[in-house]
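The values are calculated or read from the model by the stated rules, or taken from the named source; none is laboratory data. Keep in mind the model is a prediction, meaning the values are calculated, not measured. All Cβ positions, glycine included, derive from the backbone under ideal geometry; neighbour counts span all protein chains shown. We work out accessible area using only protein heavy atoms, side chains counted, and drop any ligands, DNA or RNA first. Shrake-Rupley method; radii C 1.70, N 1.55, O 1.52, S 1.80 Å.
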Amino acid sequence: MHTNYTNKKQDRRVFEGSSSSGKDSLRIFMYGVDLVIPDVRYLEDKKQYIRGLVFTHGHDDHIGGIQYIYFKLGNVPMWGTTLTAAFANIKLTERKLKGRVTPVDFDRVLQIGPFTVSFNRVTHSVPDAAHLVITTPLGIIYHGSDFKFDFDPLDGKKSELEKINAAGKKGVLCLLTDCLGSERPGFTPSEQVVGTTLAKELALAPGKVLFTTQSSNISRIQLAIDLALKYGRKIAFFGRSIDQNVEAALKLGFMRFPREAIIRDQDLRRLPAVKQFLIVAGAQGQEGSALSRVANDDHKFVRVGEGDTVVFSADPIPGNEHSVNVVIEELYRRGARVSYSDIMEDLHVSGHGSQGDLMLLLSAVGPKYILPIGGTYKHMMQYRRLAADLGYNKRDVLIPEEGQVLEFRPGVPPRVVETIELENVMVDGLGVGDVGNVVLRDRQTIATEGIVVIVVPIAKSTGQVTAEPDIISRGFIYMKESGRLLDDARRVVSQSLRLKKGRILDWRFVRKQVGENLEMFLFKETGRRPLIVPVIVEV
Ligand SMILES: [Zn+2]
């Protein structure tokens, strides 16, 4: 997760709000949480200094949190390149919010407060990705968000190297740079590679072909459509995110295909399997996604079986491996042939530059300081080593910890001036931020250790315990076959209650006591720590 902002006393401009749908391994522990969005509390009370939001590209980890945070920042103006704005506006419209991201051309220069912001086109796994050249009173900040140098991009629009060089010539104070690919030597291959692999799949497929990828990667979806048409197939889309993105991209001219190439869902049945090419959302194994429903044989229009092929043109985001594997295995059980990158090369290429791409940007920009972004700590450290090979002093590659605020002042090196407490704000269904750490910890305990509920009936009039406590458990151990354990547990509860003579006044204390004693007992007996919920019922 990264929300980047400048730290100047009077003018603070947020570069990018981002959401991480489990980009960090945290996802595995987030029981039932749909989305993690940036914690913007630090910025909320500095609203009056925020001049606007500028988005670099239309990926969910860069625009995905917008519908939850932008009003907290004071309904600030927002800008992004054409497709970026369109994708972000889908999210705002969906939440029925009034604010919109204003689309800007790559040659526009924005004047925002004391800053000017210009856009350099770069290639990435979504079209219209940009780097930002931000001129501040202190010097130029080059915001080098996600990119790779694809010299043969699918849409023919190459990275604007001459503009990158021009920024470098002016002298750049600090380069913020993508560093996710800093462990990979060489250059990241072009998106074209995927086409060659997919063509082979299509040439061999005897039945229907299902294709799944990141739904924002419309260039790759376009590539897949072109190939499918060449092999005489018709196209159908399944999944809301794909529908919305394709529709927006078509309207803006980022995609092109004849309308008659599309077949309606309900007409699929009449089309021979070998004529079907289905583009299906759910490449990350998301629960309830179109692909996961197909895998569970629970989709209204799509069935797969013997002879059908499913192509995964995406790698699992760290933390999603398990969900993806579950879907792959279910698809196998249905009889489908499944192609994914563990068993087949070049079904997916990264949108992030490798060492060659990263060092090319660094050489062109030639900044005084470097701040690697968009990766984890190890990617940043690896980037520092690469920069050292190019002659940079390690000190000038800034690697702050999460929450640290860097300050730039004239004549002195940037330094950490403040550390802010950041929390993951979790979106669970419709609520935002109502799932705290406690809720999450409880869900985790229930999932791994089970739950034990103790019901203690007391008389309303006297406050006395009226009957034996009842113990109910789920996901812990099969209690019916553990009669002795159950009896002993009940005894522990009764003893905890008996500590209090006569009428019990402080039920909170008693509840705690019962919980602690039972937890200790169960741990001693079973080695497990289920979630214990003592319930006092007045009768
Ligand atoms: Zn990206």
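Around residue 172, under 13 Å between beta carbons, what's the net of Lys plus Arg minus Asp minus Glu among the other residues?
With Lys, Arg at +1 and Asp, Glu at -1, the net is +3.
Over the Cα atoms of the stretch 192-339, compute the convex hull volume and normalise it per residue, giving Å³.
So the per-residue Cα hull volume is 102 Å³.
Can you give me the Kirkwood hydrodynamic radius for the stretch 82-122, using every pair of distinct Cα atoms, in Å to one decimal? Don't skip to the end; give the middle numbers.
Values: mean 1/r = 0.0863 Å⁻¹.
So the Kirkwood estimate lands at 11.6 Å.
Give the calculated FRET efficiency between residue 472 and residue 306 to the nearest 0.05, with a Förster radius of 35 Å applied to their Cβ-Cβ distance. Display every interim value, and only then the final one.
Details: r = 46 Å, r/R0 = 1.30.
Here the calculated transfer efficiency is 0.15.
How do 384-393, 450-459, 55-64, 269-278 rank on mean C-beta neighbours within 10 Å, highest first?
Details: 384-393: 13.9, 450-459: 18.5, 55-64: 25.2, 269-278: 15.5.
Top to bottom by mean Cβ count within 10 Å: 55-64, 450-459, 269-278, 384-393.
Taking amide H positions as placed 1.01 Å from N in the peptide plane, with prolines and chain starts having none, which residues 5 or more places from residue 415, or on another chain, fall under 5 Å of its amide H?
Amide H neighbours of residue 415, under 5 Å, 5+ apart: 407.
Under the rule of at least 5 residues apart or a separate chain, name every residue whose amide H is placed under 5 Å from the amide H of residue 369.
174, 175
Tell me, how many Å apart are the Cα centres for the stretch 338-357 and for the stretch 138-180?
22
Relative to the Cα centre, what is the charge dipole magnitude of the stretch 192-339, using +1 at the beta carbon of each Lys and Arg, -1 at the beta carbon of each Asp and Glu, and rounding to the nearest 20 debye?
Numbers: 20 positive and 16 negative charges, 129 e Å.
Magnitude of the dipole: close to 620 debye.
List the chymotrypsin sites (Phe, Trp or Tyr not before Pro) in the stretch 151-230 that DSSP assigns to loop (not H, G, I, E or B) and whose Cβ has at most 15 other Cβ atoms within 10 Å. Which are they? Mind dumping the intermediate values first?
Values: sites: 151, 187, 211; in loops: 151, 187.
When the chymotrypsin sites (Phe, Trp or Tyr not before Pro) of the stretch 151-230 are filtered for loop state and at most 15 Cβ neighbours within 10 Å, 151 remain.
Using a 1.4 Å probe and counting only protein heavy atoms, arrange 381, 255 so the residue with the most accessible area comes first. Write out the running numbers ahead of the final one.
On the way: 381 70, 255 5 Å².
Order by accessible area, largest first: 381, 255.
If R₀ is 56 angstrom, what is the calculated FRET efficiency for the pair residue 455 and residue 345, using the beta carbon separation as r and rounding to 0.05?
Numbers: r = 58 Å, r/R0 = 1.04.
Step by step, r from the Cβ atoms, then E = 0.45.
Skipping prolines and chain starts, which residues have an amide H placed within reach, meaning under 5 Å, of the one on residue 210, given they are 5 or more residues away or on another chain?
When sequence neighbours closer than 5 places are left aside, the close amide H contacts are 278, 309, 310, 311.
Over the chain, what is the relative contact order in whole percent, taking alpha-carbon pairs under 8 Å and six or more residues apart?
Worked out over the chain, it gives 14 percent.
Considering only DSSP beta bridges where both residues belong to the chain, give the percentage that are antiparallel (nearest 5).
Working: 36 of 79 bridges.
Around 45 percent of the beta bridges assigned by DSSP in the chain are antiparallel ones.
Any chance you could give the angle, 0 to 90 degrees and rounded to 10, that helix 82-94 forms with the longest Cα principal axis of the chain?
Helix 82-94 and the main axis of the chain meet at about 30 degrees.
Of the accessible area of the chain, with the probe set at 1.4 angstrom, what percent is carbon plus sulfur? Before the final figure, lay out the partial values.
Values: 12890 of 25310 Å².
Solvent-exposed carbon and sulfur of the chain make up 51 percent of the total.
Give the longest segment of the chain that steers clear of GluC sites (Glu not before Pro) in DSSP loops with at most 16 neighbouring Cβ atoms within 10 Å, not counting the sites themselves.
Details: sites that count: 183, 287, 306, 345, 401, 402, 421, 423.
In short, 1-182.
Could you tell me how far the Cα centroid of the stretch 86-127 sits from the Cα centroid of the stretch 197-212, in Å?
Using only Cα atoms, the two centres lie 36 Å from each other.
Helix 161-170 against the longest principal axis of the chain: what's the angle in degrees, Cα atoms only, rounded to the nearest 10?
Orientation of helix 161-170: about 90 degrees from the principal axis.
Give me the accessible area per residue for the chain, probe 1.4 Å, as a whole number in Å². Before the final figure, lay out the partial values.
Working: 25310 Å² over 539 residues.
That works out to 47 Å² per residue.
For residue 378 and residue 297 in one chain, what is 0.36 nm times their gap in residues minus the Cα-Cα distance, to one decimal in nm? Provide the component values of the computation, followed by the final result.
Working: separation 81, 0.36 × 81 = 29.16 nm, distance 4.08 nm.
Computed gain between residue 378 and residue 297 is 25.1 nm.
Taking the Kirkwood radius as the inverse of the mean 1/r across Cα pairs, report the Rg/Rh of the chain.
On the Cα set of the chain, Rg over Rh gives 1.06.
Please compute the length gained on full extension between residue 158 and residue 490, using 0.36 nm multiplied by the number of residues separating them and subtracting their Cα-Cα distance.
Details: separation 332, 0.36 × 332 = 119.52 nm, distance 7.13 nm.
Additional length available on full extension: 112.4 nm.
Evaluate E = 1/(1 + (r/R0)^6) for residue 394 and residue 416, where r is the Cβ-Cβ distance and R0 equals 22 Å; express this FRET efficiency to the nearest 0.05.
Values: r = 16 Å, r/R0 = 0.73.
Approximately 0.85, to the nearest 0.05.
Multiply the residue gap between residue 267 and residue 535 by 0.36 nm, knock off their C-alpha separation, and tell me the result in nm, one decimal place. Spell out each step's value before the answer.
On the way: separation 268, 0.36 × 268 = 96.48 nm, distance 5.50 nm.
Full extension from residue 267 to residue 535 adds 91.0 nm.
I'd like the orientation of helix 377-389 relative to the chain: the angle between its Cα long axis and the longest Cα principal axis, in ° from 0 to 90, rounded to 10.
30
Take the alpha-carbon positions of the stretch 50-93, form their convex hull, and give its projected area averaged over all directions (one quarter of the hull surface) in nm². List each step's numbers first, then the result.
Values: hull surface 11.0 nm².
Result: 2.8 nm².
Go ahead and estimate [θ] at 222 nm for the chain from helices alone: -39,500 (n - 2.57) per DSSP H run with n ≥ 4, summed, over the residue count, rounded to 500. Walk me through the numbers on the way to the answer.
Values: 15 runs with 165 residues, N = 539.
Rounded to the nearest 500, it is -9500 deg cm²/dmol.
With charges set only on the Cβ (+1 for Lys and Arg, -1 for Asp and Glu), what does the dipole of the stretch 152-206 come to about its Cα centre, in debye to the nearest 20?
So the dipole magnitude of the stretch 152-206 works out to roughly 240 debye.
Mind checking which of 173, 406, 246 is farthest towards the positive end of the chain's charge dipole, using Cβ charges of +1 (Lys, Arg) and -1 (Asp, Glu) about the Cα centre?
With unit charges placed on the Cβ atoms, the residue in question is 406.
Just need the relative contact order of the stretch 192-339 here, percent rounded to a whole number, with Cα pairs under 8 Å and 6+ apart.
Working: 246 pairs, mean separation 44.8, N = 148.
Relative contact order for the stretch 192-339 comes out at 30 percent.
Along Cα→Cβ, 7 Å out, is where each label goes; now give me the distance between the ones at residue 524 and residue 107 in nm to one decimal.
8.1
With labels modelled as points extended 7 Å from the Cα through the Cβ direction, what inter-label distance (nm, one decimal) is found for residue 423 paired with residue 230?
Modelled inter-label distance: 5.3 nm.
Suppose every K and R has +1 on its Cβ and every D and E has -1 on its Cβ; what is the size of the dipole of the chain about the Cα centre, in Debye to the nearest 20?
Charge dipole, the chain, about its Cα centre: 1040 debye, nearest 20.
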